[in-house]
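Working notes for the structure below.
The values are calculated or read from the model by the stated rules, or taken from the named source; none is laboratory data. Predicted model only: the values in this text are computed from it and were never measured. Glycine also receives a Cβ, built like all others from the backbone with ideal geometry; neighbour counts cover every protein chain displayed.
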Amino acid sequence: MAIPASGLMTREWPDPVPARIGFEEWAELFETIPDELIQRFHYFPPNQEQWSLYLFPPQTFAIYGCRHLRRLKFDNSLAALRMWGFVQNETERLFRARQTGRHVVACMGDLGALPVIVNSFPGCVAFYPDCIWWTPFVMESQVLFDAAAEQGIPEATCFSRAALGAFAKHSYFPDPDLVIAATGASCDDYSGVEQLAARHAREMLWVESPLRRSCGGVEPPTVEFLVSEYRRVVERLERLTGHRLSEEELRRGVARANRVRQAVAQLRQLAYGAGVLPALEMMVIEFGNLHFYSDIGEWTAVVEHLLVTARARADAGQRVVAEDALRIVWVTPPADPLLLCYLEDRGGRVVGTEFVINQALAPIDETKPGLEAIACSFMAASLIGTSRQRAELVLRQASERNAEGVLISGILGGSHCAMEARLIADRVKAELDLPVLEFDVAKPGAEIDRQTRTRIDAFLELLRSRR
């Protein structure tokens, strides 16, 4: 079974003084971890087979092509190492899911709601091909983008087009038993990716994401529509699995997802408030709310281990980023994770994020019927409303954390980046009088391009001059 965070034998390997360390330093540190401790971490609990071990250092994954890991800086806690091993292991885990008789279901487009339903079914594993968008950067490779181009998606399109390349390659994840694709009030580029991915899907179920019209609250007609769409999802999964889902099973699925969301909410408070975890690890943690990296049981244990570590650091007054670092709210997730490391290396600190996944961070009301509860939480989605509504998320965090600036990392050709960045920036400047840096993330490479480095450096100098 998954090892509770409170039961981890930290005396076997006490964490060193909190720090951000490089690739080679982790190799040396890993040598000090006892073999007995490594043997305790398995995916798909309560499975204890040797093939399910995942506590490995970044070097293991660099050998298999994740070259970018050599250039990143990592938190030096056992909990963070456990997280990286688990996340980097996901491709293997998905193929193991197929080998062990589980149903593999790809969810696309909605970023957070559909896996709650899928994971409520026994023997089902949900994942988002959407998250493949980091793979070209981690591997410093254009292979998936080239494959997407051959399928008809041009270069001036969101990096999420890598998912189409992965579908065409048939090697980054097993061919899903079912693809559930959300479209409508969502990323236009990714809707195009979904349509072309349908060529490679055994079966595709389309669901509609409705537009949120108001700035807050729940819109009953919209929620009712979402519930009807989710009923179609349940019916299709029942045919796939031969299992009739009960309301109690769905409620348990909601409770499991909520347990992770609540832990992540606490981690956000500790990391962005007390500086106890780096921005890179926090981005990985936040995106875990989408599909729990294809194993909700073990991911829950990983997140709770991180939470124990973060609390211990906060109680001891230990930080991994300097208290006087420049406070930044980061808008739109950077496809190149090296950007987060660079910001911290240059004296910045992330104190808030709007990574287009607000719907996956929002708590689910467990007092409501299962599908209604999931629908209501999805109404908090970042991309189903106006840019003004999304800007409110940025303004609130910037105010709460006393941010000194806002950084918006866009995507060349990304339909929700082209104009939205300027609209958000204008509101931040007008209402909070904060400097804003906007830039498009460059294509994958071994390092950040000189122009972007120069612009980040100049932005941080501007913030320092305002103190």
Within the range 259-279, residues being outside any helix (DSSP H, G or I) and more than 16 Å from the chain's Cα centre (by Cα) number 2
Have a look at 146, 110, 175 and point out the one that is out of contact with any Asp or Glu (no Cβ under 8 Å at 6 or more places or on another chain) and in a helix (DSSP H, G or I). 146
Please work out if residue 98 is under 20 Å from residue 201 (Cα atoms), among the basic types (Lys, Arg), out of contact with any Leu (no Cβ under 9 Å at 6 or more places or on another chain) and surrounded by fewer than 22 Cβ atoms within 10 Å (Cβ to Cβ). yes
Would it be correct to say that residue 229 is at pLDDT 95 or above, closer than 30 Å to residue 245 by Cα, surrounded by fewer than 17 Cβ atoms within 10 Å (Cβ to Cβ) and of a type in the set (D, E, K, R)? no
Exactly one condition in (1) modelled with pLDDT of 95 or more; (2) surrounded by fewer than 18 Cβ atoms within 10 Å (Cβ to Cβ); (3) farther than 20 Å from residue 90 by Cβ; (4) not polar (S, T, N, Q) is false for residue 170; which is it? (3)
Among the candidates 167, 145, 127, which residue alone is out of contact with any His (no Cβ under 7 Å at 6 or more places or on another chain), among the hydrophobic types (A, V, I, L, M, F, W, C) and within 26 Å of residue 332 (Cβ to Cβ)? 145
Filter the range 81-98 for residues that are farther than 13 Å from residue 56 by Cβ and of a type in the set (A, V, I, L, M) and give the result. 94, 97
Failed item in (1) in contact (Cβ under 8 Å) with a residue 60 or more places away in the chain; (2) assigned to a loop (DSSP other than H, G, I, E, B), with residue 56 passing the rest: (1)
Which residue out of 82, 96 is at pLDDT 95 or above, in a helix (DSSP H, G or I) and over 18 Å from the mean Cα position of the chain (by Cα)? 96
